[in-house]
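A quick write-up on the structure given underneath.
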Amino acid sequence: MGRFGLLPLLVLPAVAVNLLTFLWPMLNLAGLSFREGMPGGGIGTDFTMATWRDLLADEFYLEILLRSVGVSLTITGFALLAGYPLAFFVHRSDARWRNLLVVACISPLLISAVVRTYGWLVILGDRGFAPSLLRGIGIDPPRLVFNMTGVIIGLVEILMPYMILSLLAGFGKLNQTLEEAAASLGAPPLTVFWRIVLPLTLPGILLGCLLTFVLTISSFITPKLLGGGRVLLLATEIYDNAIVTLNWPLAAALSLIALGVFGAAMVVYGRIARAAERAIA
Amino acid sequence: MAAEAAPPHLELHGLEKRFGATRAVQALSLSVGKGELIGLLGPSGCGKTTTLRMIGGLMPATDGRIIVAGRDVTALPPHRRDMGIVFQNYALFPHMDVAQNLSFGLEMRKIPADERQQRVQRALAMVRLEAFAARKPRELSGGQQQRVALARALVIEPSILLLDEPLSNLDANLREEMRNEIRDIQQRLGITAVFVTHDQAEALAICDRIAVMRAGVLEQLGTPFEIYERPANEFVAGFVGRVNRAAGHRGADGRLLLGDVVLQGTGHAGAGPVTIMIRPHRIRLTDTPPEGIGWNSATGTVTRRTFVGDLLSIEVALGPASLLVEQHTFAGAVVAGPGDAVRLAWRAEDTLVFPASPAGVFPAPPAGVFPA
C-alpha cells in the first residue's frame, strides 16, 4: 500500500464495475467478431476471419467511416460556433442570472433525445414551421429532413448543452481585466479576442470538441430518424446489423472500429491539449 | 510643486457617472499638469476608481468631457486613448511570458521587431527585472508582477499613466518600496499620472496633489500639505491622518468653547454648535504650557495609556471630550498614568473648527479618533 495506505482500496468498486460491465462485454464483443454469423441471428462456434476480411475489403464501410468522421467534425464545428458566443454571454452575465442561464442552456437534456428528434421532424418537415417561415420570407426552402441537413441540424442542437458546459468549465481563466488591459495597450476588440480570449479559453474548446465529437459519432437514433434511412453512418450501421439484419459478428466488428475512432480522438485531443497547455499555461 | 505651474495635460470637465439614480461621480472637474502625479483619494465607493475607468475609456461617462493635451477623448474607445493602465490585480496575460506581456502594446503600435526588443529590454531594466524576461507571470512574486505591470504600462510611452490601487495587494514593506519606485520612475519619465488609492499615507507620500473624494463628490483638491494642514471640511480632516473629534460650541460673541474651556481655533467662525478637530501628535503634555496668543491649554485627567514603542498614546478626559495625545518616546521620559491630572497645550492653528455636521451625515467614529 506504500505511502497511500488503504487509499487505493477506494477505487476498487469502480474498477470492479468497469471490469464487469465494460471490459468483459468488450472482450466478448471482440470474440464475437471472429465468429460466423448465421441467418436469423445465429452465431457459429468456429473461429473465422471472414467478417473482418469482408469488412476491410468492402469500400462501402470505409466510405461510412469517413462520412461518420466528417459529419461528426462538421457537427462539432457548428456546435462550437453556436455554443461559444452563448457560453461567453452566460459567463459574462451577472451572477444573479448566471445560474439560471446555465440551467436554461442544459435544460434540453431533461428531455430525451428521441423526443427532441421527433420535435425536429415536426419543425423541419415539409409542412413544418421552418419551411413555412422560409417560404414566408420569399425563399424556396431546401429539403430539411430525411437527409444530411436534418441530421446536422438535429445533432448540433441536441449536443450543444455538452459543448456549452465544457466551454463554461474552461472559461475560468478568463478575467475581464485582462481584456481591459489589452484594450488599454492598444488592442482593438477583435485582436483582444484572438490574442487574449481565444488562447485562454482553448482548454474548454478542446474539451467541448472531444465530447461533442465522441457523442456525435456514437449517436444513432437522431441520424436514423432525421436521416430517414438515407444517411448511413457507423452508428446507424451497427444498429441495423445488430437489430435489423441480426448480423452480430459484423455489428461487433463495426463497434470495435468505432472504439478505435474514439481512441484516435482521445490521442489527438491529448496531443493538442498538451501543446496548448505548454503554450498558454 | 513645480508641476502645478505646468500647462494642463489632462482636464476633466463636469465628468459625471450615473448608475440608474445613483450618481457615482458628480460633476467632477479637475486639471492635471504635465508630469504631475495626482492622487484620487477616498473610501471605497467614493467614485475614485469609476473616475479612473472613465479616464481610461473602460467605462463610458454619463456626462462631461475628458481632454488630453487639448484633444477631447471622451468618445474614444480605450484602445485609441494611448493611456497606460496598472490594474489592482496586475492583469498580466497568463499565457505570455514577461517579455511578451511587455511587447504586446508595442506590437499593437506596429513597432518593428528589433526596436520592440530594445524597448522591452529598456523597460525591464527600468524595473530591474532583466533576468525575468522568459518567466511566466505565475512564476513571479507579487512585487515582481507589480513591476511587470508597471513596465508594461510604461513601455508604450503612454500620454497618461493610470494606476488603480496598484499597491493594495502587496504586503506592507513592499508597498512602501514600490510606491517610492513608482514615484521615482514617474518623475524620471516626467509622465502625467493619476493614482487611485484609499490609503492616505500612500497619497500623501508620493502625490503632487491629492483630490479627496466622497460619495462621488470632490471634497478638496490640494497639495498633501494643504490637505493635511488645511482640510476643507470635517470629512477631509478625518479621512487624512488621525484626528481627535469633539463637539464644541461657538458663542455669538465668537468665543470657542470645548466644555467650559475657552479655545482659539482656525476655520469656521459662525456661531452655533461646531466640531473641533485636533491631531493627536500636535498636542503636548507639559507642566509649563506656553502662554498667550496662539496657544491653547487645558487640564485633564488621564484615562488610558498605551505604549507602542516609538509612540506613547494617552487618552485624556477633558470636560465632556476625550482627547488622544500622541508623544514620541525618549529615554527617561516621565509619563503620566491613568488618574493623573495633566496639562495639555496645542497651537491655535492646530485647532480645526468646522460647522457641526447634521446627525447621520458622519457616523460617530469610535473613541473620538478617526482610524489612521
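Among the conditions (1) within 10 Å of the chain's Cα centre (by Cα); (2) open to solvent by 10 Å² or more (accessible area, probe 1.4 Å), B:ARG245 misses just one, which is (1).
Counting residues in region A:202-214 that are within 30 Å of B:ALA153 (Cβ to Cβ), within 14 Å of chain B (Cβ to nearest Cβ) and either in contact with a His (Cβ under 6 Å, 6 or more places away or on another chain) or not in a helix (DSSP H, G or I) (or both) gives zero. The set of residues from region A:165-192 being open to solvent by less than 30 Å² (accessible area, probe 1.4 Å), assigned to a loop (DSSP other than H, G, I, E, B) and facing chain B (nearest Cβ under 7 Å) comprises A:LEU185, A:GLY186, A:ALA187. Scanning region B:107-120 for residues that are more than 9 Å from chain A (Cβ to nearest Cβ) and assigned to a helix (DSSP H, G or I), we see that the one that is surrounded by the most Cβ atoms within 10 Å (Cβ to Cβ) is B:VAL120.
Looking only at region B:78-95, residues that are closer than 17 Å to A:ALA187 by Cβ, out of contact with any helix residue (DSSP H, G or I) (no Cβ under 7 Å at 6 or more places or on another chain) and outside any helix (DSSP H, G or I) come to 1 in all.
Put simply, of B:ARG179, B:ARG138, B:ARG128, B:ARG188 the only residue that is modelled with pLDDT under 95, assigned to a loop (DSSP other than H, G, I, E, B) and open to solvent by 40 Å² or more (accessible area, probe 1.4 Å) is B:ARG128. Residue count for region B:154-176, restricted to those that are of a type in the set (Gly, Ala, Ser) and either outside any helix (DSSP H, G or I) or within 19 Å of B:LEU58 (Cα to Cα) (or both): 2. Condition check for B:ARG305 on (1) over 29 Å from B:PRO43 (Cβ atoms); (2) in contact (Cβ under 8 Å) with a residue 40 or more places away in the chain; (3) in contact with a Gly (Cβ under 6 Å, 6 or more places away or on another chain): one failure, at (2).
Residue count for region A:56-79 under the criterion of being over 11 Å from A:VAL156 (Cβ atoms) and surrounded by fewer than 18 Cβ atoms within 10 Å (Cβ to Cβ): the result is 11. Condition first: in a helix (DSSP H, G or I) and within 19 Å of B:VAL148 (Cα to Cα). Now tell me which residues in region B:191-206 satisfy that. Hits for region B:191-206: nothing passes.
Exactly one residue out of B:GLY57, B:GLY47, B:GLY39 is on the phi > 0 side of the Ramachandran plot, surrounded by 18 or more Cβ atoms within 10 Å (Cβ to Cβ) and either in contact with a strand residue (DSSP E or B) (Cβ under 7 Å, 6 or more places away or on another chain) or more than 10 Å from chain A (Cβ to nearest Cβ) (or both), and it is B:GLY47. The residues of region A:100-149 that are touching a Ser or Thr at 6+ places or on another chain (Cβ under 9 Å) and of a type outside the set (A, V, I, L, M), listed by number, are A:ARG116, A:THR117, A:TRP120, A:PRO141, A:PRO142, A:ARG143. Residue count for region B:79-98 under the criterion of being buried (at least 19 other Cβ atoms within 10 Å of the Cβ) and more than 10 Å from chain A (Cβ to nearest Cβ): the result is 1.
The values are calculated or read from the model by the stated rules, or taken from the named source; none is laboratory data. Small disclaimer: the values here were computed from a predicted structure and weren't measured. Glycine also receives a Cβ, built like all others from the backbone with ideal geometry; neighbour counts cover every protein chain displayed. Note: areas computed on protein heavy atoms with side chains; ligands, DNA, RNA excluded. Shrake-Rupley method; radii C 1.70, N 1.55, O 1.52, S 1.80 Å.
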